[in-house]
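Everything on this sheet refers to the single structure shown next.
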Amino acid sequence: MSEPADAVLWDRMRSGDLDAWGVLFDRHAARVYRFCVRFLGGSQDAEDTLSDTYLEVWRSRRSFTVRHDSALPILLAIARRAGQKRLRSARRLTKHDGMAMAGSPEVDDIADQVVADDEAERRRAWLRNQVASLPPQFRDVYELVVYAEMPYDEVCRVLGVPPGTVKSRMARVRQILQGRADAAGPNDRQTNANALIGEGAQS
């Protein structure tokens, strides 16, 4: 007996069915977790963000409707918001810690690592901002392919578009990001767009 589709589960969840919520969690948790790891730049906060995401899914379940028989785009949109909230909190904490460390004798010893971490986070923040400003049809494809690490055929099924559309949109994302990277000032110049969006994305 086949399991119910996401749209059916979501309708049940709307009515307060916790079991349906649990099935959706089990079905998509791995994808959403990988999204969180890529979005946050590491696994340190990914599990907490995953938990935040599914709590928010339950709270906002009546605000969404599943399309194309997959709830994953909704889950990733909620995960993006949860991740952004954690990043803002982390930046506030880092700023506070930096002020507290001023004058500490260990500051010189960790200065190089701090600079390296700041540079890596600056690049991740630049990429997050660029992706967030993409037209929705491009952003959805990017996040499914790169953040959620979905193969193209599965992205086609989730978004209800043909394979050629997914490939052309990913190619367009590369062009957009490369153009923005090339146009950035000397202090903000980024690396090759293929490296930025992940050459490991499956085609």
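The values are calculated or read from the model by the stated rules, or taken from the named source; none is laboratory data. Model, not experiment: these values are computed from the prediction. Because the Cβ atoms are built from the backbone with ideal geometry, glycine has one as well, and the counts that use them run over all protein chains shown. Ligands, DNA and RNA are excluded from the accessible area calculation, which covers all protein heavy atoms including side chains. Shrake-Rupley method; radii C 1.70, N 1.55, O 1.52, S 1.80 Å.
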Scanning for something loosely packed, with under 14 Cβ neighbours inside 10 Å, modelled with pLDDT under 55 and over 27 Å from ASP52 (Cβ atoms), does the range 115-134 turn up at least one residue?
yes
Across (1) assigned to a helix (DSSP H, G or I); (2) open to solvent by 40 Å² or more (accessible area, probe 1.4 Å), GLU3 clears everything bar (1)
Is there a residue in the range 57-70 that is part of a helix (DSSP H, G or I), open to solvent by 40 Å² or more (accessible area, probe 1.4 Å) and closer than 22 Å to VAL131 by Cβ?
no
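Any residue at all in the range 43-54 that's outside any helix (DSSP H, G or I), at negative phi, touching a strand residue (DSSP E or B) at 6+ places or on another chain (Cβ under 9 Å) and surrounded by 13 or more Cβ atoms within 10 Å (Cβ to Cβ)?
no
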Within the range 6-42, restricting attention to residues that are β-branched (Val, Ile, Thr) and under 30 Å from TRP126 (Cβ atoms), which residue is surrounded by the fewest Cβ atoms within 10 Å (Cβ to Cβ)?
VAL37
